[in-house]
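Beneath this line is the structure, given in C-alpha cells, with notes to follow.
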Amino acid sequence: MLRTLRGIMTSSLDGAGPIYTAIHTKITDKLQPTVLDIIDDSHLHASHAAMRAEGNKHKETHFRVTVVSDSFHGKPIVARHRMIYDLLSDEFKVGGLHALSLNTKTPSEFKPPSE
C-alpha cells in the first residue's frame, strides 16, 4: 500500500504541476514505493536563475523526495539515488527540474517521523 508520510494518498494529482506529477508517476510505476513523500521547495529558491528561466513556465525546480521501496534492497545510497535520477532524466533535461534532495530507504530501514 502506498502512503505519504502524512498518511494521505489521493487517487488524483489535482492541482499538481507537471514536474510533481512526473516525479510521482515515474517513481510509483517503477519503484512501487510503500512510502512516497514529495515536497515542492521551489518557492524557497525563487531568486535562482533556474526559477527565472523563460523555459520553466511552471516554476517547479526544487523538490525533497522520500522514497521507501524494496527496490533499494542491497543497493548503496549512491545507486539508489542514481535510480531516481535516471527515472527523471527527461525532467532534468527539458522539464526545468533543477535539484532533488533524496531520502531513499528500504522498508526495514525506514522509521516514520514521530508525530
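The values are calculated or read from the model by the stated rules, or taken from the named source; none is laboratory data. None of these values were measured; they are calculated from a predicted model. Counting neighbours? That spans all protein chains shown, and the Cβs are built from the backbone with ideal geometry, glycine included.
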- Residue by residue through the range 31-58, note down the ones that are of a type outside the set (A, V, I, L, M), more than 18 Å from Asp90 (Cβ to Cβ) and either at pLDDT below 65 or part of a loop (DSSP other than H, G, I, E, B) (or both). Gln32, Pro33, Thr34, Asp41, His45, Ser47, His48, Arg52, Glu54
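For the range 60-89: of the residues being under 20 Å from Tyr20 (Cα atoms) and free of Cβ contacts under 8 Å to residues at least 24 places away in the same chain, which is surrounded by the fewest Cβ atoms within 10 Å (Cβ to Cβ)?
Going residue by residue through the range 60-89, those that are under 20 Å from Tyr20 (Cα atoms) are 60-69, 80-89.
Next, from what is left, pick out any that are free of Cβ contacts under 8 Å to residues at least 24 places away in the same chain: 81-82, 85-86, 89.
Numbers: His81: 17, Arg82: 12, Tyr85: 14, Asp86: 10, Ser89: 12.
Per the criteria, the residue is Asp86.
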- Item | Single residue of Thr21, Thr104, Thr28 found to be in contact with a strand residue (DSSP E or B) (Cβ under 6 Å, 6 or more places away or on another chain), of a type in the set (S, T, N, Q) and modelled with pLDDT of 85 or more | Thr104
